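Remarks on the structure that follows.
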């Protein structure tokens, strides 16, 4: 199985990327393509710029989705919504193909330092991603990242570890 994975953040110290890396360890026999949004920089989307064509990075993002069997992502929450870095890629890609996620099964995650664990961006993505071709099979929000996650050991809260392992198992059973 081919997995396309990303964190919806361009931070060099992204906690969402750490969560994605941790979850990918549960897929040891699968081919993974974990990207960094910094490799997909492009101008801020506008209809004026669109008249000049689309950035190659938008096509590259869509090709990654086309080539995969499943998507695993964890979205950063900035001001209760997507990060500007992810939203810009999403905006450009959606103008090329409105079904950005191409009906691929998705494990959708969020995390944040706060107690809500990125719940606002999770709610937004859970509502809107299916309209853009996401087949969301499972969701997981990790609250209080710095209390519940260790860089060497991953999720250290026993209840949350049990929850993510159950969701990974359910995800695998649905694909």
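The values are calculated or read from the model by the stated rules, or taken from the named source; none is laboratory data. For clarity, every value in this text was computed on a predicted model and none was experimentally measured. Every residue, glycine among them, receives a Cβ derived from its backbone with ideal geometry; neighbour counts consider all protein chains shown.
Structure notes:
- Checking each residue in the stretch 109-123 for being surrounded by 21 or more Cβ atoms within 10 Å (Cβ to Cβ) and under 17 Å from residue 164 (Cα atoms) picks out 109, 110, 111, 112, 117, 118, 122.
- Residue that is surrounded by the fewest Cβ atoms within 10 Å (Cβ to Cβ) [pool: residues in the stretch 147-171 that are out of contact with any helix residue (DSSP H, G or I) (no Cβ under 6 Å at 6 or more places or on another chain) and in contact (Cβ under 8 Å) with a residue 60 or more places away in the chain]: 151
- Residue within the stretch 150-163 that is at pLDDT 95 or above and under 24 Å from residue 104 (Cβ atoms) present: yes
- Enumeration of residues in the stretch 44-59 that are more than 16 Å from the chain's Cα centre (by Cα) and closer than 25 Å to residue 15 by Cα: 44, 57
- Matching entry among 71, 3 (being closer than 21 Å to residue 128 by Cβ and touching a residue at least 24 places away in the same chain (Cβ under 8 Å)): 71
- Counting only strands (runs of 3 or more DSSP E) that sit wholly inside the stretch 1-89, those with at least 2 residues that are closer than 18 Å to residue 136 by Cα are 2-8, 70-75.
- Verdict on residue 127 being at pLDDT 95 or above and either over 30 Å from residue 56 (Cα atoms) or surrounded by 12 or more Cβ atoms within 10 Å (Cβ to Cβ) (or both): no
- Every condition in (1) more than 24 Å from residue 135 (Cβ to Cβ); (2) without any contact (Cβ under 8 Å) to a residue 40 or more places away in the chain; (3) over 14 Å from the mean Cα position of the chain (by Cα) is met by residue 93 except one, and the failing one is (1).
- If you go through the stretch 44-59 and keep only what is free of Cβ contacts under 8 Å to residues at least 24 places away in the same chain and surrounded by 13 or more Cβ atoms within 10 Å (Cβ to Cβ), you end up with just 49.
- Residue 62, sole failed condition from (1) in contact (Cβ under 8 Å) with a residue 24 or more places away in the chain; (2) more than 15 Å from residue 92 (Cβ to Cβ); (3) surrounded by 15 or more Cβ atoms within 10 Å (Cβ to Cβ): (2)
- Residue within the stretch 28-37 that is touching a helix residue (DSSP H, G or I) at 6+ places or on another chain (Cβ under 7 Å) and buried (at least 20 other Cβ atoms within 10 Å of the Cβ) present: yes
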